[in-house]
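Chemist: This is the structure I have questions about; it appears just below.
The values are calculated or read from the model by the stated rules, or taken from the named source; none is laboratory data. Bear in mind that the values here come from a model prediction, so they are computed numbers and not experimental data. Here Cβ is always computed from backbone atoms with ideal geometry, including for glycine, and neighbour counts include all displayed protein chains.
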Amino acid sequence: MIKKILTHWTSSLFTLAILAIIGFSNPDFKEIIKLKSFDFLLASEEQTFSEDIFIVEIDEATLDVKGQYPFSRVHYSFLIEKLRDAGAGVIVFPILFSEEDRADGDWVFKETLKAGTVIAQLGTNDINKNGVPRGVAKIGDPLPYLFEWGGMLGPIPELGQSANGVGVVNTAPELDGVVRRVPLLMRIGEDVYPSIAIEVIRVAVGDPSYQVKAGEGGIQAMRVPGFATIETDANARVWLRHDKTFHTMSMIDVEEGVNDLLLFGKTVIVSPTAAGISNIIATPRGEQYSHYITASTLQTVLSGESATPEIGNAMPVNNIPLGTIISCIELNPGKGASISRSAGSFAQLMAKEGRYVTIKLPSGETRMILNNCYATIGAVSNSDNQLISSGKAGRKRWLGRRPRTRPVAMNPVDHPMGGGEGKASGGHPRSRKGIPAKGFRTRSKKKSSSKFIIERRKK
């Protein structure tokens, strides 16, 4: 019996070993393992709302009012004017305007496109199709490493010339058909075409071209002049973090009126979501509309290590200029904000040396943190919160705070300051455990992180 069991286990282990050898010798198998590991790590990240991007949906309610899709581009012109009045930043249309408007609305639409807009073009295998390329300053030869298309289906010439930017909306699904990486640059022959997400950044910065550095291993880096260097893989792709979700609103609701605070300074993406006119794409977080890929790509670039040091952006402290006011600072990389999190809090970046940077807190404390810790540019909002007076005792009860008994009114067994005849002061203020309340240091002298504190806070 034992001999049969041993024989069974030996054959099973031998079979598994053979399968493992075959699997790891197959490059596709190793690639799938890497992709699934990325999905596992991504699933552990909590999604939060983006403060940089806003989605305007062409949904069923919009079609009920506007009629058959595609509707006249006069409606888009009216929408752009509404968004401009609300203070929106770059307006993005990941919609292919490859044919003339049947309602003859292009003459109006092309004029409104001149005010900070980006429209789409599509890579195709038809070599007879032409798009709108962009000039690229090259260090090395990046062309062999870029995704290549036979042709490009672009917008009609008058719209392509009027828009501030024209970007490619193609994605690059992995072996399993899921989109995890998006190429920022593509090619047709000797011409280079940017993705719609990176074209948005170029329009926002106001530069006419891109810079790309290539070496023997492929694309090493790319950048838009006026924006930080964007780290990519060898094929000019970026991994989508998918850690953000986006505020959305129907196109009809925007036209009827929208709170300016919702749109002020934000990139607005206008895209169809109604059944029958929308495009669904597989992502690690399930099926999403195509504009979600555009928004995620843009958010990844804005919030990654390549983010520009503007108020509200989160980035490694090593990439932040000296003297910048920062908040929500990590002490351990990846753990989340630990310092300067409350209303009105901030710190200042003072110095950089080796693996560490030095920050100064309002208390006067100066300390070192690792240079790959993240921080947010600017101070935490609502600094007037500390000036708010409750006005009456009941207001604190509404907040769930119970009344607090004075220590001197307690019995000696309940508090060190309790007891005594009459209204005794009770000595120095202290806690129930006898720790003095004013000026007594409770920090352990043996705490390991004390070596990172350069100067203690002022008393």
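Chemist: What is the one condition in (1) out of contact with any Pro (no Cβ under 7 Å at 6 or more places or on another chain); (2) surrounded by 15 or more Cβ atoms within 10 Å (Cβ to Cβ); (3) farther than 16 Å from I454 by Cβ that K392 does not satisfy?
Modeler: So the condition that K392 fails would be (2).
Chemist: Would you say F97 is among the aromatic types (F, W, Y), closer than 27 Å to T297 by Cβ, in a helix (DSSP H, G or I) and in the same structural domain as V192 (by TED's automatic domain parsing)?
Modeler: Numbers: among the aromatic types (F, W, Y): yes; closer than 27 Å to T297 by Cβ: yes; in a helix (DSSP H, G or I): no; in the same structural domain as V192 (by TED's automatic domain parsing): yes.
The answer is no for F97.
Chemist: How about the range 148-166: which of its residues are crowded, with 19+ Cβ neighbours inside 10 Å and farther than 30 Å from I80 by Cα?
Modeler: W149 - this is the single residue of the range 148-166 that is crowded, with 19+ Cβ neighbours inside 10 Å and farther than 30 Å from I80 by Cα.
Chemist: Does Q211 satisfy the criteria of being assigned to a strand (DSSP E or B) and either modelled with pLDDT of 85 or more or among the hydrophobic types (A, V, I, L, M, F, W, C) (or both)?
Modeler: Numbers: assigned to a strand (DSSP E or B): yes; either modelled with pLDDT of 85 or more or among the hydrophobic types (A, V, I, L, M, F, W, C) (or both): yes.
The answer is yes for Q211.
Chemist: Give me the pairs, please: first residue somewhere in the range 118-134 and assigned by TED's automatic domain parsing to the domain that holds G150 and at pLDDT 80 or above, second residue anywhere and part of a loop (DSSP other than H, G, I, E, B) and among the small types (G, A, S), beta-carbon distance under 6 Å, and either six or more positions apart or on two chains.
Modeler: I119/A163; Q121/G131; Q121/G154; N125/G150; I127/G150; G131/G154; V132/G154
Chemist: Just give me the residues in the range 393-438 being under 52 Å from the mean Cα position of the chain (by Cα) and of a type in the set (D, E), in sequence order.
Modeler: Correct list: D414 only.
Chemist: Suppose the filter is under 20 Å from E31 (Cβ atoms) and either in contact (Cβ under 8 Å) with a residue 12 or more places away in the chain or crowded, with 20+ Cβ neighbours inside 10 Å (or both); does L185 pass it?
Modeler: Numbers: under 20 Å from E31 (Cβ atoms): no; either in contact (Cβ under 8 Å) with a residue 12 or more places away in the chain or crowded, with 20+ Cβ neighbours inside 10 Å (or both): yes.
No: the conditions fail for L185.
Chemist: Take A197 and tell me if it is assigned to a helix (DSSP H, G or I), buried (at least 18 other Cβ atoms within 10 Å of the Cβ), touching a residue at least 60 places away in the same chain (Cβ under 8 Å) and out of contact with any helix residue (DSSP H, G or I) (no Cβ under 7 Å at 6 or more places or on another chain).
Modeler: Taking the combined requirement at face value, the residue does not satisfy it.
Chemist: Scan G364, G334, G344 and give me the residue that is within 30 Å of P316 (Cα to Cα), assigned to a loop (DSSP other than H, G, I, E, B), at pLDDT below 90 and touching a helix residue (DSSP H, G or I) at 6+ places or on another chain (Cβ under 8 Å).
Modeler: One residue alone meets the criteria, G344.
Chemist: Then there's this: Mind checking which helices (runs of 4 or more DSSP H) fall wholly inside the range 1-90 and carry at least 1 residues that are at pLDDT below 80 and either loosely packed, with under 15 Cβ neighbours inside 10 Å or small (G, A, S) (or both)?
Modeler: Because the criterion is at least 1 residues that are at pLDDT below 80 and either loosely packed, with under 15 Cβ neighbours inside 10 Å or small (G, A, S) (or both), the helices (runs of 4 or more DSSP H) in the range 1-90 that meet it are 2-25, 27-43.
Chemist: Could you tell me which numbered condition A221 fails, if it satisfies all but one of (1) aliphatic (A, V, I, L, M); (2) in contact with a Gly (Cβ under 7 Å, 6 or more places away or on another chain); (3) modelled with pLDDT under 85?
Modeler: (2)
Chemist: Still on this structure: Can you find a residue in the range 166-174 that is on the phi < 0 side of the Ramachandran plot, assigned to a helix (DSSP H, G or I) and touching a Leu at 6+ places or on another chain (Cβ under 6 Å)?
Modeler: Checked against the condition, which is being on the phi < 0 side of the Ramachandran plot, assigned to a helix (DSSP H, G or I) and touching a Leu at 6+ places or on another chain (Cβ under 6 Å), the range 166-174 yields no hits at all.
Chemist: Taking the stated definitions as given, is R73 under 28 Å from G151 (Cβ atoms), of a type in the set (K, R) and touching a Phe, Trp or Tyr at 6+ places or on another chain (Cβ under 8 Å)?
Modeler: Here the answer is yes, as R73 does meet what is asked.
Chemist: Identify, by number, the condition in (1) exposed (fewer than 14 other Cβ atoms within 10 Å of the Cβ); (2) touching a Lys or Arg at 6+ places or on another chain (Cβ under 7 Å) that R406 doesn't meet.
Modeler: Here R406 clears every test but (2).
Chemist: Among the residues of the range 327-347, which ones are at positive phi and not hydrophobic (A, V, I, L, M, F, W, C)?
Modeler: Within the range 327-347, G334, G336, S340, G344 meet the criteria.
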